[in-house]
């Protein structure tokens, strides 16, 4: 990297703020430079790239389509810088409470994994794990937590989406249930001859689940608690829907039964606190967990 590369990176930083405020004046004030200095950097950037990244008129300054594409590519640089800033010299000294809100609908998808290893690295972190209801009832507001794993995207400008993952679901049963009752041949066989375990709330996100419950002859157990759902299925009481990650948890995945979901889980945090070391290490933990789903 040489001085020209550094200047190009500086120009990209200016470009990002111009996009945010739709004007050069606000961007210049933000960085404490003159508009002439800002113009010089943008002009040099356009000369180096060979195309226009910014268009200006009486209403303000706006990125061209190629300018927007450039900013999307530059997000990789920002992520690298975030990672560098987030790693202190002594990981075991990172401390403090981190509040994490998790969607009640998708909590089973992210049952804590490898927490022993996490705490071996960060023994002074206090992780407060809270269930967040997203079904229209009053719940934990995003402003009250450091991190959220949410079905919905935030509306406020302070929030940051670090990653998103579509959660795939399937029908599951414990080995002892299958040994005793056999495999359901199809959905008709499932509703007529097997006990259904219902996770309340899935009817909004799993295609056909509500109709299936109405047809089921044996639908005698329901819960809105993901972990309880898992424990009941594991005990061999019946057949229910769980995230596909449970193929690794010792239960049978009945993959011949169709199961379509529209659940996407978003890892959210706040712009002003995402680089605090205690928050960053927890964000990385959940980011790695989501990528494994």
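The values are calculated or read from the model by the stated rules, or taken from the named source; none is laboratory data. Not measured: the values here are computed from a predicted model. Every residue, glycine as well, gets a Cβ built from its backbone with ideal geometry; the counts of neighbours run over all protein chains shown.
Which of the residues spanning region 20-42 are out of contact with any helix residue (DSSP H, G or I) (no Cβ under 8 Å at 6 or more places or on another chain), farther than 20 Å from residue 4 by Cβ and surrounded by 13 or more Cβ atoms within 10 Å (Cβ to Cβ)?
22, 23, 29
Can residue 207 be described as touching a helix residue (DSSP H, G or I) at 6+ places or on another chain (Cβ under 7 Å), over 19 Å from residue 181 (Cβ atoms) and assigned by TED's automatic domain parsing to the domain that holds residue 187?
No; evaluated as a whole, the condition is false for this residue.
Here are some conditions: (1) more than 27 Å from the chain's Cα centre (by Cα); (2) buried (at least 19 other Cβ atoms within 10 Å of the Cβ); (3) farther than 17 Å from residue 178 by Cα. Residue 238 meets all but one. Which one does it not meet?
For residue 238, the failing item is (3).
I'm trying to understand the selection: among the residues of region 188-212, which are in contact with a strand residue (DSSP E or B) (Cβ under 9 Å, 6 or more places away or on another chain), under 17 Å from residue 169 (Cβ atoms) and surrounded by fewer than 17 Cβ atoms within 10 Å (Cβ to Cβ)?
The answer is 200, 207.
Listed residues 155, 173; which is farther than 30 Å from residue 91 by Cα and more than 18 Å from the chain's Cα centre (by Cα)?
Within the list 155, 173, the selection yields 173.
Of the residues 70, 45, 63, which is within 15 Å of residue 11 (Cα to Cα), surrounded by 13 or more Cβ atoms within 10 Å (Cβ to Cβ), within 27 Å of the chain's Cα centre (by Cα) and at pLDDT 80 or above?
One residue alone meets the criteria, 70.
Which one of 244, 293, 267 is in contact with a strand residue (DSSP E or B) (Cβ under 9 Å, 6 or more places away or on another chain), at pLDDT 85 or above and surrounded by fewer than 19 Cβ atoms within 10 Å (Cβ to Cβ)?
The match here is 244.
Does any residue of region 158-178 turn out to be free of Cβ contacts under 8 Å to residues at least 40 places away in the same chain and within 21 Å of residue 256 (Cα to Cα)?
Scanning region 158-178, I find no residue that is free of Cβ contacts under 8 Å to residues at least 40 places away in the same chain and within 21 Å of residue 256 (Cα to Cα), so the answer is no.
List the number of the failed condition for residue 168; all other conditions in (1) surrounded by fewer than 16 Cβ atoms within 10 Å (Cβ to Cβ); (2) on the phi < 0 side of the Ramachandran plot; (3) out of contact with any helix residue (DSSP H, G or I) (no Cβ under 7 Å at 6 or more places or on another chain) hold.
(3)
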